[in-house]
1. Checking the conditions here, which among 138, 86, 76 is free of Cβ contacts under 8 Å to residues at least 24 places away in the same chain and either of a type in the set (Lys, Arg) or under 19 Å from residue 2 (Cβ atoms) (or both)?
2. Residue pairs, Cβ under 6 Å, 6 or more apart or interchain, first in the stretch 104-119 and free of Cβ contacts under 8 Å to residues at least 60 places away in the same chain, second not in a loop (DSSP other than H, G, I, E, B). List them.
3. Output the residues belonging to the stretch 62-82 that are of a type in the set (Val, Ile, Thr) and not in a helix (DSSP H, G or I).
4. Confirm whether residue 99 is assigned to a loop (DSSP other than H, G, I, E, B) and open to solvent by less than 80 Å² (accessible area, probe 1.4 Å).
5. Looking at (1) open to solvent by 60 Å² or more (accessible area, probe 1.4 Å); (2) part of a helix (DSSP H, G or I), which is the one condition that is false for residue 104?
6. List the pairs whose first member sits in the stretch 21-47 and is over 10 Å from residue 116 (Cα atoms) and acidic (Asp, Glu), whose second member is open to solvent by less than 30 Å² (accessible area, probe 1.4 Å) and not in a helix (DSSP H, G or I), and whose Cβ atoms are under 9 Å apart, counting only residues at least 6 apart or on separate chains?
7. Would you please name the residue that is farthest from the chain's Cα centre (by Cα), looking only at residues in the stretch 14-41 that are closer than 17 Å to residue 64 by Cβ and small (Gly, Ala, Ser)?
Amino acid sequence: MTAIIAWCIFIVLTAIAAIHVAWGFGVRWPRMTEAELVTTVIGHKRDTMPSPSRCYLAAFAIFIPGAIALMLAGLVQTPLPPWLVVLAGAAAALVFAGRGVAGYVPAWRARHPREPFASLDRHYYSPLCLMLAAGLAVLLANAMRD
């Protein structure tokens, strides 16, 4: 079961990271214009997407926890000591849990009020982050048991 959880986390995060790389190259999917994309994926008061380098950095930061999930499940070999993989997994789980909870906090809602982001965040983005955090927690519990 841990292998399935780890692969699901890896695939989801790799897909999200790939989308961020595409945005860095100027792709506007899933919208037609940059302004529409900003209101869909950022929801902030800005009108432009972050710079390409910020998109690539976000992609890297999103991809790494997916790789950590595979390491926690023992599906890939790593030169890292086990305690460091567990620590990185715990940090990733906390970040995803924090981001998931943030979507329901009034201060976050006030900072990211634009639609359709606000609704997408409440219905999809935040729940996905909470599910990723839960999946990482299961992998952590299993890794610490071994």
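The values are calculated or read from the model by the stated rules, or taken from the named source; none is laboratory data. Since the model is a prediction, treat every value here as computed from it, not as a measurement. Ideal geometry is used to build each Cβ from the backbone, glycine not excepted, and the neighbour counts take in all protein chains shown. Quick note on the areas: whole protein, heavy atoms, side chains included, nothing else; ligands and nucleic acids left out. Shrake-Rupley method; radii C 1.70, N 1.55, O 1.52, S 1.80 Å.
1. The match here is 76.
2. So the pair list comes out as 108/102.
3. Selection gives 76, 78.
4. The answer is no for residue 99.
5. Here residue 104 clears every test but (2).
6. That search, which allows pairs on different chains as well, returns 34/49.
7. Within the stretch 14-41, the match that is farthest from the chain's Cα centre (by Cα) is 24.
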